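To keep things clear, I will list the structure first and then write my remarks on it.
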Amino acid sequence: MIRYRRAAVWLFMLAALVVGVVAGPVAHAQVAMPNPKEMSGNVLPVNDIPVGTVTVRVVRGAFKNIPGQPVDFLIAGKKRTVVTDANGRAEVSGLARGTQLTAEATVDGEKLVSKPAVVESSGLRIILVATDREDVARAAEDKALASAPAVKGIVVLGPESRIITEMSNDRLHIYYVLDIINTARTPVDIGGPLIFDLPREARGATVLQGSSPQAVAAGARLRVTGPFAPGSTHVEAAYELPYSGGVAVVNQPFPAALDRVTLLVQQIGGLTVKSPQVASVRSTSDRGQEILVGAGPGLAPGQTLSFEIAGLPHRATWPRTLALTLASIIVAAGVWGAVTARPRYRVA
């Protein structure tokens, strides 16, 4: 269990570094944005506006510009009011170095005040973020819906889902990182658990630390019970896959639609990976560790992802095969001799 957990953490971090190779701009678009309110009042030195210029942008919620909004600049104790333009910006310029100021605005009764700023060797940008009442109302509605009874629906495996392979102590370990997505605003019941039938050869299947408590591994099966809350249900699982002759084959059916195929294979000794569902395989590295990154289009519910890893380290099997063959010949000869031997009779 500890071995699985440590390896999974290392590989998951590596996967986060290389997923951009697979997803490109899509992956970057999915990075969570900070809460705009936490940015309100911050002062940012910039070089794209002249020294002595201060620009204040006033927005509502997730950066919705507020035009026509009066902004009070308190410059060295004196107030100067400027109205925001169509882009929600108010600006003052020509300030001497060392000038101290703050900016204030009142939006729908909410007073917004910047942190103190000092004009130095660059221009300054300030953002003031007012509360978006529509966002607040929607968040309250989402919270209420999330606690409502489950309705019939479906889930999908999101773009952060991936399969990772790692060699450890001459054993091949397979890791599943599953991002189970419910796009509805209420919990959904898919009519039963989400069941992943692992390869028959899978040994020691286990759910890793940090996974949803809804996931359970038993034998060669991974079950994730519903209902599924809005958003993401995160599951990480691992198992050992025995192989022979330096080749391992994985056939994994997916019970829900998979957004895209992402396969990460630890590269050792020049091994190769191929799959009919993987359109491209690239090589990358992190901290000296080579890794193969396979990518392909999504899969429909019930479709099987099949891939083969060749060139894995292994011991020669011919000595054992020869010994078993010789033993079989000896046993067969003994049986044949016992069956065909003629009985001997003694004459009285």
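Just a few scattered comments:
- Computed lengthening from Asn42 to Leu74, 0.36 nm per intervening residue step minus Cα-Cα distance: 9.9 nm
- Between Thr106 and Ser244, residue separation times 0.36 nm minus the direct Cα-Cα distance comes to 42.5 nm.
- Arranged from fewest to most other beta-carbon atoms within 10 Å of their beta carbon, Ser232, Ser147 become Ser147, Ser232.
- From the C-alpha gyration tensor of the range 140-233, square roots of 5λ in Å: 30, 14, 10
- Set Lys37/Lys64; Lys78/Lys115; Lys111/Lys143 screened for pairs whose C-alpha atoms are more than 18 Å apart: Lys111/Lys143
- Straight Cα distances below 12 angstrom link Lys152 to the aspartates and glutamates Asp189, with same-chain residues fewer than 8 positions distant left out.
- Spherically averaged projected area of the convex hull of Cα atoms, the range 36-134: 5.8 nm².
- Ala150-Lys274 pseudo-label distance in nm [points 7 Å out on the Cα-to-Cβ vector]: 4.2 nm
- Label-to-label distance for Ala86 and Phe63 is 1.9 nm, based on points extended 7 Å past Cα in the beta-carbon direction.
- Placing dummy labels 7 Å off each Cα toward the beta-carbon, the span from Arg138 to Thr183 is 1.6 nm.
- Gained length - Glu290 relative to Gln209, 0.36 nm times residue gap less alpha-carbon distance: 26.6 nm
- The alpha-carbon of Lys274 sits under 20 angstrom from the alpha-carbons of these aspartates and glutamates, leaving out residues fewer than 8 places away in its chain: Glu166, Glu201, Glu240, Asp259, Glu290, Glu308.
Here, each number is a calculation from the coordinates, and none is a lab measurement. As the structure is a computational prediction, the values presented were derived from the model and not from experiment. Here the Cβ is made from the backbone with ideal geometry for all residues, glycine too, and neighbour counts use every protein chain on show.
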